[in-house]
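For reference, the structure discussed in these notes is given below.
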Amino acid sequence: HSFCSMLLPRKKFLYHYKNVRWARGRHETYLCFVVKRRVGPDTLTFDFGHLRNRNGCHVELLFLRYLGALCPGLWGYGAAGEKRLSYSITWFCSWSPCANCSIQLSQFLRNTPNLRLRIFVSRLYFCDMEDSLEREGLRMLSRAGVRISVMSYKDFFYCWQKFVDSKTSSFKAWEELHQNSVRLTRKLNRILQFFQSWDLEDLRDALKLLGL
């Protein structure tokens, strides 16, 4: 799968991942990923790369389409009773997932207990309103066992080393990287601490009303 091997151009990474407060014009989501296979207490790094939205398909759901290729044996090998392999996946996303992606991911992960997902986000998507469906989506992911964090300097640095065509240039923090990361971390913690008593049916009805 050649989509993995391409490194992100520096300008693209800096533009899309900058954790600025007003991220106007950034209509795409970029997703850098690391896939690890868990074998007993050990993990083997298996693959890494990046994706972005394509043809109206959000990047999180696009990733699920590639999962069979990225995680061989995730669903067993077809023969009856064959053991499924366990995987841990880490995403570094320029935006946090929208409500619809969160719902679909949560349902998928509940049905795939041998897959663990960890998500780091640079910015929070549509999370300003207290009652936004995006906030509830993040809580739903959290309840499905996903660990969600806001990217800090060390995460941007890691991505720069691993996913960016950085050649010899070292990562330089932009103005307010740290302050914005702290502010967004506080916000995410507040969101995840607040478990609304909505169930899936309520959420589906709400999404229908929004035409999603």
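I'm told R110 meets every condition in (1) of a type in the set (D, E, K, R); (2) within 22 Å of R183 (Cα to Cα); (3) over 15 Å from the mean Cα position of the chain (by Cα) except one. Can you identify the failing condition by its number?
(2)
Taking I148 as the residue in question, decide whether it is in a strand (DSSP E or B) and either acidic (D, E) or more than 15 Å from V59 (Cβ to Cβ) (or both).
Values: in a strand (DSSP E or B): yes; either acidic (D, E) or more than 15 Å from V59 (Cβ to Cβ) (or both): yes.
Here the answer is yes, as I148 does meet what is asked.
Of all the residues that make up segment 4-53, how many are more than 24 Å from W75 (Cβ to Cβ), without any contact (Cβ under 8 Å) to a residue 60 or more places away in the chain and open to solvent by 40 Å² or more (accessible area, probe 1.4 Å)? So that I can check it myself, show each step before the final result.
The first filter runs over segment 4-53 and keeps only residues more than 24 Å from W75 (Cβ to Cβ), leaving 5-30, 32, 50, 52-53.
Those still in the list that are without any contact (Cβ under 8 Å) to a residue 60 or more places away in the chain too: 5-6, 11-12, 15, 22, 24-25, 27, 52-53.
Those left that are additionally open to solvent by 40 Å² or more (accessible area, probe 1.4 Å): 5-6, 11-12, 15, 22, 24-25, 27, 52.
Of the residues in that region, 10 qualify.
Can you work out which of the residues in segment 146-165 that are open to solvent by 30 Å² or more (accessible area, probe 1.4 Å) and over 13 Å from the mean Cα position of the chain (by Cα) is farthest from I103 (Cα to Cα)?
D165
Where the second residue is open to solvent by 30 Å² or more (accessible area, probe 1.4 Å) and part of a helix (DSSP H, G or I) and the first is under 20 Å from V35 (Cβ atoms) and lies in segment 154-181, which pairs have Cβ atoms under 6 Å and are six or more apart or on separate chains?
V164/R10
The values are calculated or read from the model by the stated rules, or taken from the named source; none is laboratory data. As the structure is a prediction and not an experimental result, all values here were calculated from the model. No Cβ is skipped: glycine too gets one built from the backbone with ideal geometry, and neighbour counts run over all protein chains shown. Side chains are part of the model used for accessible areas, which takes the heavy atoms of the whole protein and leaves out ligands, DNA and RNA. Shrake-Rupley method; radii C 1.70, N 1.55, O 1.52, S 1.80 Å.
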